[in-house]
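Visitor: Below you'll find the structure I mean.
The values are calculated or read from the model by the stated rules, or taken from the named source; none is laboratory data. For clarity, every value in this text was computed on a predicted model and none was experimentally measured. No Cβ is skipped: glycine too gets one built from the backbone with ideal geometry, and neighbour counts run over all protein chains shown. Just the protein is used for accessible areas: all its heavy atoms, side chains included, with ligands, DNA and RNA removed. Shrake-Rupley method; radii C 1.70, N 1.55, O 1.52, S 1.80 Å.
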Amino acid sequence: ALIAVLNKINPSPGHWAAIPRVTSKSMEWLINQRRINVFDAFFSKIADFEAALAKRPSPHSPHIVMTEDYTAFMREVYEYIRQARIIYLDPPYSQGHYSRFYHLLETLVLYDYPEVEHLGRYRKDRHQSVFAHKSKVGPAVGQICEVARDAGTLLVISYSHGGVIPDAEAFRTILEQYYPSDKIELKTLKSVHSKLGQADRMKTEEYLFTCKP
């Protein structure tokens, strides 16, 4: 509930990676955000949760939620993966690590006093995804391919053009180290990306790879 409230009062473009610039246009909005009563919003959110649970208790009971590293997760639930029909992978595709979008919320939950850096006050020990490193993304995708292939489970991967893996051919080259070419299918979808909450949109392509065991 507290995390939900902090998201509500957050004076930024919808995430925690950038600080707001105080200008004549933004001043009134920033002041209004500061006036929100955190305690009132917190208890209101608690009431929302209670009402939702009363209407539908334990809506996610069949599912597993993990906070482990993905490789540890796959080892722990390997038998579950073998029984699954599909594994869906939607990895980070840019070099901008996602951890900077929620680092203040992470610090709130950890309740510690980390070393910070840059204008955004990022934690120095924040998580750095292997999928956001050019030298590490190939082996990271490969680990998941190996598990899915050996378990005999269909693997579906979504990715974006112009990511750390730059295009569909480069991604296919990685997949072909683990699957025969005729077992890999690709669908290309036209899409648009937002630019950190701005109104501008960037035209791009999304890839959907299907790898058959």
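Visitor: Under 27 Å from the Cα of Lys55, which lysines turn up, not counting those fewer than eight places away in the same chain?
Guide: Lys8, Lys45
Visitor: Another question about this same structure. Using 0.36 nm per residue of separation minus the Cα-Cα distance, give me the extension gain between Ala84 and Met202 in nm, one decimal.
Guide: 38.9 nm
Visitor: Right, here's the next one. Tilt of helix 134-151 relative to the longest C-alpha principal axis of the chain, in degrees (0 to 90, nearest 10)?
Guide: Helix 134-151 sits roughly 60 degrees off the main axis of the chain.
Visitor: Gain in length, Gln177 to His133, computed as 0.36 nm per residue apart minus the alpha-carbon separation, to one decimal in nm?
Guide: 13.9 nm
Visitor: What chymotrypsin sites (Phe, Trp or Tyr not before Pro) does region 74-135 have in DSSP loop regions with at most 14 other beta carbons within 10 Å?
Guide: Passing both the DSSP loop test and the Cβ count: Tyr111.
Visitor: Could I have the simple spin-label model distance between Glu68 and Asp40, label points 7 Å from Cα toward Cβ, reported in nm to one decimal?
Guide: For Glu68 paired with Asp40, the spin-label model returns 4.5 nm.
Visitor: First compute the accessible area of the chain with a 1.4 Å probe, then give the percent of it belonging to carbon and sulfur atoms.
Guide: Heavy-atom surface of the chain belonging to carbon and sulfur, 1.4 Å probe: 55 percent.
Visitor: Excluding Tyr207 itself, calculate the net charge of residues whose Cβ lies under 13 Å from the Cβ of Tyr207, where each Lys or Arg counts +1 and each Asp or Glu counts -1.
Guide: Summing Lys/Arg as +1 and Asp/Glu as -1 gives -3.
Visitor: Given that just one value was derived from the coordinates, which of (1) 59, 42, 35; (2) 102, 39, 36; (3) 62, 34, 31 is Cα extents along the principal axes in Å?
Guide: (1)
Visitor: I would also like to ask the following. Given +1 on the Cβ of Lys and Arg, -1 on the Cβ of Asp and Glu, and no further charges, what dipole in debye does the chain carry about its Cα centre, rounded to the nearest 20?
Guide: 640
Visitor: Remind me, relative contact order of region 68-160 in percent, using alpha carbon pairs under 8 angstrom and six or more residues apart?
Guide: Relative contact order here is 43 percent.
Visitor: Cβ under 11 Å from Arg75's Cβ, Arg75 left aside: what net charge do those residues give with Lys, Arg +1 and Asp, Glu -1?
Guide: -4
Visitor: Ok, one more. Hey, can you grab everything whose amide H is under 5 Å from the amide H of Thr204? Only 5+ residues off in sequence or another chain; H modelled, so Pro and N-termini drop out.
Guide: Ser191, Val192, His193
Visitor: Tell me, what ³J(HN,Hα) does each residue in region 24-41 have, in order and in whole Hz, if you take phi through Karplus 6.51 cos²θ - 1.76 cosθ + 1.60 with θ = phi - 60° and put x for Gly and Pro?
Guide: 5, 6, 8, 4, 4, 5, 4, 5, 5, 5, 5, 7, 4, 7, 5, 5, 4, 5
Visitor: Given a Förster distance of 22 Å, report the FRET efficiency between Leu119 and Asn32 from their Cβ-Cβ distance, rounded to the nearest 0.05.
Guide: It comes to 0.45.
Visitor: Further question on the same structure: Tally Lys/Arg at +1 and Asp/Glu at -1 over every other residue whose Cβ is under 11 Å from the Cβ of Arg123; what's the total?
Guide: Cβ neighbours under 11 Å give a net charge of -1.
Visitor: How many nm is it between the label spots at Ser158 and Ala1, if each spot is 7 Å from the Cα in line with the beta carbon?
Guide: 3.3
Visitor: Please list the non-local residues whose amide H lies under 5 Å from the amide H of Ile87, H modeled 1.01 Å from N, same-chain partners needing a gap of 5 or more.
Guide: HN-HN under 5 Å from Ile87: Leu154, Leu155, Val156.
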